[in-house]
1. Non-local amide H neighbours of ILE187 (under 5 Å, H modeled in plane, Pro and chain starts lacking H): which ones?
2. Determine, for the stretch 13-159, the count of lysine pairs separated by eight or more sequence positions (or lying on different chains) whose alpha-carbon distance falls under 13 Å.
3. Among ARG54, ARG70, what's the order by accessible area (1.4 angstrom probe), most exposed first?
4. Which listed residue (ILE10, ALA94, LEU51) has the Cα farthest towards the positive end of the charge dipole for the chain, taking +1 on Lys and Arg C-beta and -1 on Asp and Glu C-beta about the Cα centre?
5. Using a probe of 1.4 angstrom, how much of the accessible area of the chain is carbon and sulfur, in percent?
6. Could you please put LEU59, LEU176, LEU13 in sequence from largest to smallest accessible area, using a 1.4 Å probe?
7. Just the number please: accessible area per residue for the chain, 1.4 Å probe, all protein chains included, in Å².
8. Expressed in nm², what is the orientationally averaged projection area of the convex hull enclosing the Cα positions of the chain?
Amino acid sequence: MFLDILGECIFFLNYTTGDTERIDVGQKIGCMSLCENGDILVALEDGIYRLNSRGEKVLAHQPLKIKGSRFNDGKTGPDGCFYAGTADDNCRGAFYKLKDGVLYELFEGCSCSNGLDWSADESKMFYCDTPHQKIEVFDFDKEKGELSNRRTFKEIDESLGKPDGFTMDKYDDIWLALWDGKSVIEIKSDSSFGVKIDVPVLKASCCCFAGENLDDLII
């Protein structure tokens, strides 16, 4: 699956044939995640919803005013909770956790909450807020679902582009999409730069591993 934020829709791609199907969601969509029962969690402008196979969506948490103009990037964490942040031009967004039908605010002051992922041992969460030009890391308590000890992991020079979505491999290397940077770049677990993959578009926005052996990088 992949999404079109401004197009307010999700595309389903058959990885073998290349065929696609589209579902409209009626709001700008920032991220999504699969549920065990086949529903899809979709993070929209005013909240996170459950979307079923019939295209029906139901709010997945208590009604509340979301900080920021819309949800942006997010993922399911090692604890089974859904983590997602919002975007706001005036840094009034926030980062949330969805657990058992309750949406918890974990921190605020987000401008464009973007890529996130967890280390292989599930003890750290890596994160970026795009305009801040850096990857940050938190200590992650899986049992409590709590973040602590926020600090900078890697500064990203503006000449490379803007840090957007990313994924991590089994070696704890980060594969970071560079918006306005025409590339995806590897940041190794020691915070040094590794491989740089040039792509024929200006704004690379996200990437993930796919394929039978999870050795294809989808951008």
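1. So ILE187 has HN proximity to ILE174, TRP175, LEU176, GLY194.
2. 8
3. The ordering from most to least exposed comes out as ARG54, ARG70.
4. ALA94
5. 48
6. Largest accessible area first, the residues go LEU13, LEU59, LEU176.
7. Result: 51 Å² of accessible area for each residue.
8. It is 12.0 nm².
The values are calculated or read from the model by the stated rules, or taken from the named source; none is laboratory data. As the structure is a prediction and not an experimental result, all values here were calculated from the model. When we count neighbours, we look across all protein chains shown, and the Cβ atoms used for this are built from the backbone with ideal geometry, even at glycine. Ligands, DNA and RNA are excluded from the accessible area calculation, which covers all protein heavy atoms including side chains. Shrake-Rupley method; radii C 1.70, N 1.55, O 1.52, S 1.80 Å.
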